[in-house]
Amino acid sequence: QVQLVESGGGLVQAGGSLRLSCAVSGNIFSINAMGWYRQAPGKQRELVAAITSGGRTNYADSVKGRFIISRDSAKNAVYLQMNSLKLEDTATYLCNVQLMIVGVKYDYWGQGTQVTVSS
């Protein structure tokens, strides 16, 4: 079993910063990638940032230059540093880990942490 637990969300004023953390535990074999997604009410879930096992990163255009994704392989953790937060960043942020087992990809998700940006 694989479990993901997010933390670090909260209420922050526009222009402020938050750092989200995601701890992964359980039967972890080989991590292909880790990332953060977000979903706001009435909108589809979207990729915010991802990082591969090789350290390559990918960001949504809307957050590029403001957010930074990082990982700690020893702790099986992934982080999202969010700077210069905007009202439109308000959403539930979900941690994702993708495992590669015998050539098959498996995705696991956290429960989500709420980020609310106020004016």
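Each value in this text was obtained by applying a stated rule to the coordinates, not by laboratory testing. As the structure is a prediction and not an experimental result, all values here were calculated from the model. Cβ atoms come from the backbone with ideal geometry, glycine included; neighbour counts cover every protein chain shown.
When only DSSP loop residues count, what trypsin sites (Lys or Arg not before Pro) in segment 53-98 have their Cβ near at most 16 other Cβ atoms within 10 Å? The partial results should precede the final answer.
Details: sites: Arg56, Lys64, Arg66, Arg71, Lys75, Lys86; in loops: Arg56, Lys64, Arg66, Lys75, Lys86.
Counting only loop positions with at most 16 other Cβ atoms within 10 Å, the trypsin sites (Lys or Arg not before Pro) in segment 53-98 are Arg56, Lys64, Arg66, Lys75, Lys86.
By average Cβ neighbour count within 10 Å, what is the ranking of 40-48, 87-95, 23-31, 108-116 from highest down?
Going from most to least packed, we get 87-95, 108-116, 23-31, 40-48.
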